[in-house]
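Chemist: I am attaching a structure below and will ask some questions about it afterwards.
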Amino acid sequence: MLKHPTESSFPPWLPPIVPSSSVNWEKHLNLLFRYFKKEFIDSKPEFRELNVLLKKFPDQTDTFHPTFWHIISEGVDEINRIPEISRCERIRWPRPIIEHENEPNMLVWENVRRGNKSVCIYFEEIEYLVVLGKRKGYLILTTAYPIDSNHSKYKLLKEYKAYQQESHIKS
């Protein structure tokens, strides 16, 4: 099950969660988007000297960037995704995790997801995953979310170990 770590257990570079607000969902959603905008639209994080950008989408009629919506919601298809509290609470985590990939308990590996090369950054201590799509000369923030089941965690750790073994064989 999903750990709900206390702020005192966070490393000093990781921002606290953003508690959900039942008072005014629209206001809370705007607050979450401001965090996302500050971290990924107004400035660009870097991962191993490559810029982390957002997908370019044609003009949207929606208020929010599709990557933001993807990160705070879950569902099978993009149109019918529903906001999920644990994802919303962790909106401030993707960038610091990207920028602190060398910290202890941080697992980083490459894989292929849906035919695209990706970099996975899994912060095992707090069970949170960031996925960056590899492009020529830059990366794309694909998704980020808490790992909420033992099965998902097992799959990620298995994938990481396989990558480590393959990398070891190549070197």
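Chemist: Residue 157 label point, 7 Å along Cα→Cβ, cut-off 16 Å on backbone N: hits in segment 96-114?
Modeler: Only 105-108 pass the distance filter.
Chemist: Follow-up. Starting from the Cα-Cα distance between residue 18 and residue 44, subtract it from 0.36 nm times their residue separation and give me the gain in nm to one decimal.
Modeler: 7.2 nm
Chemist: Neighbouring Cβ atoms within 10 Å as the yardstick, rank 36, 47, 10 fewest first.
Modeler: With the fewest neighbours first, 36, 47, 10 line up as 10, 47, 36.
Chemist: Measure nothing fancy, just the Cα-based angle from helix 25-36's long axis to the longest principal axis of the chain, in degrees from 0 to 90, nearest 10.
Modeler: So the inclination is approximately 40 degrees.
Chemist: Right, another one. Calculate how steeply helix 150-170 sits against the longest principal axis of the alpha-carbon atoms of the chain, using the helix alpha-carbon long axis, and give the answer as 0 to 90 degrees to the nearest 10.
Modeler: Tilt relative to the chain: about 40 degrees.
Chemist: Further question on the same structure: Per residue Cα convex hull volume for segment 33-105, in cubic angstrom?
Modeler: Here the figure is 116 Å³ per residue.
Chemist: Compute the whole-percent fraction of alpha carbon pairs in the chain spaced more than 26 Å apart.
Modeler: The share of Cα pairs beyond 26 Å in the chain comes to 27 percent.
Chemist: Between residue 64 and residue 111, how many nm apart are label points set 7 Å from Cα along the C-beta direction?
Modeler: Label-label distance for residue 64 and residue 111, simple model: 2.5 nm.
Bear in mind that the values in this text are calculations on the coordinates, not laboratory data. None of these values were measured; they are calculated from a predicted model. Using ideal geometry, Cβ is built from the backbone for each residue, glycine included, and neighbour counts are taken over all protein chains shown.
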